[in-house]
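**Student:** Sharing a structure below in structure tokens format, with a few things to ask.
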Amino acid sequence: MSDTPRVGVLALQGDVREHDRALRAAGAEPVHVRRLADLERLDGLVLPGGESTTISRLLEVFELLEPLRERVRDGLPVYGSCAGMILLADEVLDGRPDQQGLGGLDVVVRRNAFGRQVDSFETDLAFEGVGDVHAVFIRAPWVESTGEGAQVLARVPEDGSAAAGRVVAVRQGHVLATSFHPELTGDDRVHGLFVQMVKEAQ
Amino acid sequence: MTTTDNAPVNEVGTDRVKRGMAEMLKGGVIMDVVDAEQAKIAEDAGAVAVMALERVPADIRRDGGVARMSDPDMIDGIQAAVSIPVMAKARIGHFVEAQVLQAIGVDYVDESEVLTPADYAHHIDKRQFTVPFVCGATNLGEALRRIAEGAAMIRTKGEAGTGDVSQATTHLRTILGEIKRLTVMDEAELFEAAKLMGAPLELVRETASLGRLPVVMFTAGGVATPADAAMMMQLGTDGVFIGSGIFKSGDPARRARACVEATAYFEDAERIAKVSRGLGEAMVGISADSLGAGELLATRGW
């Protein structure tokens, strides 16, 4: 086992570069995943922020959907931010009816739950196992409900808004997901948590 | 405002959420659409966003007259039809059109040279808005001036509505070349460069140290084929806008899918070849070279 795990970043569309940077800072080597062959020798995988309908369609077109589902089922550590969370959820509300995901997270996620771009926001929240985190939400989903296996790691703080208390970070074994984008803030502790998960799985 | 009550009220409309929104569009295609049906076709094809407008640039060019912001009813219809982000255009300098677009909840405002300018000296003070803006640029100075005014995303202008990609190529190469030169300049040279290009020194310094613009840069204007889109990506753009190129072609749904796939797999010539087959007729096109100075849209913006 090497000290620097190889972590794939699904590079079909989205904020790939930001995840590369955060992963490097957290002690992993990012590798772009576009083709089946790119899935070889990965210790973990990140699904970036982006447009989930676009990524979902490209996963199908380029025949990555089933192989990725299989890898997630087989225990490959995966982290998804925003669109990535939508792809990992077992059930999606307000998505396209034909939208295909990878699954792996026993949660129901609501797409664009906070509203349109004018509602996108930043806030501070408590992230279990990480500490206080400044979180950036962009047309973000939230976790509507969690199944038995999913552990809640963060919620929207009690700020008096209708979104207060909504679940925005979850973990289920080797699968981690956040509604927000730690890759945009320069604080690499959430990626640090994921790299730790990757190392523990090796 | 049609904004929901769900979002915490503090810290909306920050630079980070505005610029971050554009980061999420990277590697994608944004398509011009004029109605809900086209918007659905774009979404089905995998567009990362749609630009809602009454007439695509090719028709604006053909019809002439004053081109303005679209009817809010028409934009509402498109917002209701798709779940991907919806952008809309305001005239250069027309801050009230931008206020209206923000009020109806569009996800991004394009302060666009494709519409007839409302102000021949000033652009919109975009920092006053919660909604983010994308602006066109033909060179680095213009791009940095727009960013200084609050633009959270830049697109190279190209020559919209022509189907001729040469101007997009020129503007993209110009901006990327100017950035490359900044990266090897010392402080005294950066000061001179900022003065010559009419851009704030701070942004010039930031661009030099990043080796790229501080915001996402897409390409627009004349992109009409999957190969055009992939060429822009190989040159170094973050993504592409396709205006008239999709819905002025023979088989829009197929061409839209092909452009999305070519943008995602821009380095894979075999895949680009595959998606380029049997697309039907491309938009007819006008050579940008044949346009008179008065017909050029890219020269609008100051």
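The values are calculated or read from the model by the stated rules, or taken from the named source; none is laboratory data. Keep in mind that what you see is a predicted model, and the values were worked out from it rather than measured. All Cβ positions, glycine included, derive from the backbone under ideal geometry; neighbour counts span all protein chains shown.
**Student:** Out of the range A:126-136, which residues are over 17 Å from the mean Cα position of the chain (by Cα) and either within 14 Å of chain B (Cβ to nearest Cβ) or hydrophobic (A, V, I, L, M, F, W, C) (or both)?
**Tutor:** Within the range A:126-136, A:Ala126 is the sole residue that qualifies.
**Student:** Does A:Asp188 count as surrounded by fewer than 22 Cβ atoms within 10 Å (Cβ to Cβ) and more than 14 Å from chain B (Cβ to nearest Cβ)?
**Tutor:** For A:Asp188, the condition - surrounded by fewer than 22 Cβ atoms within 10 Å (Cβ to Cβ) and more than 14 Å from chain B (Cβ to nearest Cβ) - is met.
**Student:** If you take the residues of the range B:18-52 that are more than 13 Å from every other protein chain (Cβ to nearest Cβ) and within 22 Å of B:Ala90 (Cβ to Cβ), which of them is surrounded by the fewest Cβ atoms within 10 Å (Cβ to Cβ)?
**Tutor:** B:Asp35
**Student:** Being out of contact with any strand residue (DSSP E or B) (no Cβ under 8 Å at 6 or more places or on another chain) and either modelled with pLDDT under 95 or over 20 Å from B:Arg146 (Cβ atoms) (or both) is the filter here; which residues of the range B:196-227 pass it?
**Tutor:** B:Gly222, B:Thr225, B:Pro226, B:Ala227 - these are the residues of the range B:196-227 that are out of contact with any strand residue (DSSP E or B) (no Cβ under 8 Å at 6 or more places or on another chain) and either modelled with pLDDT under 95 or over 20 Å from B:Arg146 (Cβ atoms) (or both).
**Student:** Being surrounded by fewer than 20 Cβ atoms within 10 Å (Cβ to Cβ) and either of a type in the set (Val, Ile, Thr) or under 23 Å from the mean Cα position of the chain (by Cα) (or both) is the filter here, so list the residues in the range B:265-279 that pass it.
**Tutor:** B:Glu267
**Student:** Could I ask something else about it? Within the range A:132-146, can one find any residue that is among the basic types (Lys, Arg), at pLDDT 95 or above, within 26 Å of B:Val131 (Cα to Cα) and crowded, with 24+ Cβ neighbours inside 10 Å?
**Tutor:** Here is the first cut: in the range A:132-146, the residues among the basic types (Lys, Arg) are A:139.
From the residues that got through so far, the ones that are at pLDDT 95 or above too are A:139.
Subset that is within 26 Å of B:Val131 (Cα to Cα): A:139.
Within this subset, residues satisfying the condition of being crowded, with 24+ Cβ neighbours inside 10 Å are A:139.
Yes, that holds for at least one residue.
**Student:** Being in a helix (DSSP H, G or I), more than 12 Å from every other protein chain (Cβ to nearest Cβ) and in contact (Cβ under 8 Å) with a residue 60 or more places away in the chain, is that true of even one residue in the range B:66-88?
**Tutor:** Checked the range B:66-88: no residue is in a helix (DSSP H, G or I), more than 12 Å from every other protein chain (Cβ to nearest Cβ) and in contact (Cβ under 8 Å) with a residue 60 or more places away in the chain.
**Student:** Further question: How many residues does the range A:2-26 contain that are among the aliphatic types (A, V, I, L, M), away from chain B (no Cβ under 14 Å) and not in a helix (DSSP H, G or I)?
**Tutor:** Of the residues in that region, 2 qualify.
**Student:** Would you call B:Val106 at the interface with another protein chain (Cβ under 10 Å from one of its Cβ atoms), among the hydrophobic types (A, V, I, L, M, F, W, C), touching a strand residue (DSSP E or B) at 6+ places or on another chain (Cβ under 9 Å) and surrounded by fewer than 24 Cβ atoms within 10 Å (Cβ to Cβ)?
**Tutor:** Details: at the interface with another protein chain (Cβ under 10 Å from one of its Cβ atoms): yes; among the hydrophobic types (A, V, I, L, M, F, W, C): yes; touching a strand residue (DSSP E or B) at 6+ places or on another chain (Cβ under 9 Å): yes; surrounded by fewer than 24 Cβ atoms within 10 Å (Cβ to Cβ): no.
Judged against the criteria, B:Val106 is not a match.
**Student:** Determine whether the range B:89-98 contains at least one residue that is part of a strand (DSSP E or B), touching a Pro at 6+ places or on another chain (Cβ under 7 Å), away from every other protein chain (no Cβ under 14 Å) and among the charged types (D, E, K, R).
**Tutor:** yes
**Student:** Something else: Residue check: is A:Val118 hydrophobic (A, V, I, L, M, F, W, C), within 14 Å of chain B (Cβ to nearest Cβ) and either out of contact with any Asp or Glu (no Cβ under 7 Å at 6 or more places or on another chain) or part of a strand (DSSP E or B) (or both)?
**Tutor:** Against the criterion (hydrophobic (A, V, I, L, M, F, W, C), within 14 Å of chain B (Cβ to nearest Cβ) and either out of contact with any Asp or Glu (no Cβ under 7 Å at 6 or more places or on another chain) or part of a strand (DSSP E or B) (or both)), A:Val118 qualifies.
**Student:** Separate question: Can you name the number of the only condition in (1) in a loop (DSSP other than H, G, I, E, B); (2) more than 9 Å from every other protein chain (Cβ to nearest Cβ); (3) of a type outside the set (Gly, Ala, Ser) that A:Arg139 fails?
**Tutor:** (2)
**Student:** Could you list all residues from the range A:157-183 that are crowded, with 24+ Cβ neighbours inside 10 Å and either at pLDDT 95 or above or more than 8 Å from chain B (Cβ to nearest Cβ) (or both)?
**Tutor:** First pass over the range A:157-183, keeping only residues crowded, with 24+ Cβ neighbours inside 10 Å: A:163, A:168-170, A:175-183.
Within the range A:157-183, A:Val168, A:Ala169, A:Val170, A:Val175, A:Leu176, A:Ala177, A:Thr178, A:Ser179, A:Phe180, A:His181, A:Pro182, A:Glu183 qualify.
**Student:** Any chance the range B:143-151 includes a residue that's buried (at least 24 other Cβ atoms within 10 Å of the Cβ), in contact with a Pro (Cβ under 7 Å, 6 or more places away or on another chain) and on the phi > 0 side of the Ramachandran plot?
**Tutor:** The answer is no, given that none of the residues of the range B:143-151 is buried (at least 24 other Cβ atoms within 10 Å of the Cβ), in contact with a Pro (Cβ under 7 Å, 6 or more places away or on another chain) and on the phi > 0 side of the Ramachandran plot.
**Student:** Given (1) at pLDDT 95 or above; (2) crowded, with 19+ Cβ neighbours inside 10 Å; (3) away from chain B (no Cβ under 14 Å), where does A:Ala113 come up short, assuming only one miss?
**Tutor:** Tallying (1) at pLDDT 95 or above; (2) crowded, with 19+ Cβ neighbours inside 10 Å; (3) away from chain B (no Cβ under 14 Å), A:Ala113 fails exactly one: (3).
**Student:** Select the helices (runs of 4 or more DSSP H) contained entirely in the range B:218-264, then report the ones holding at least 2 residues which are more than 17 Å from the chain's Cα centre (by Cα) and of a type in the set (Gly, Ala, Ser).
**Tutor:** Qualifying helices (runs of 4 or more DSSP H): B:252-264.
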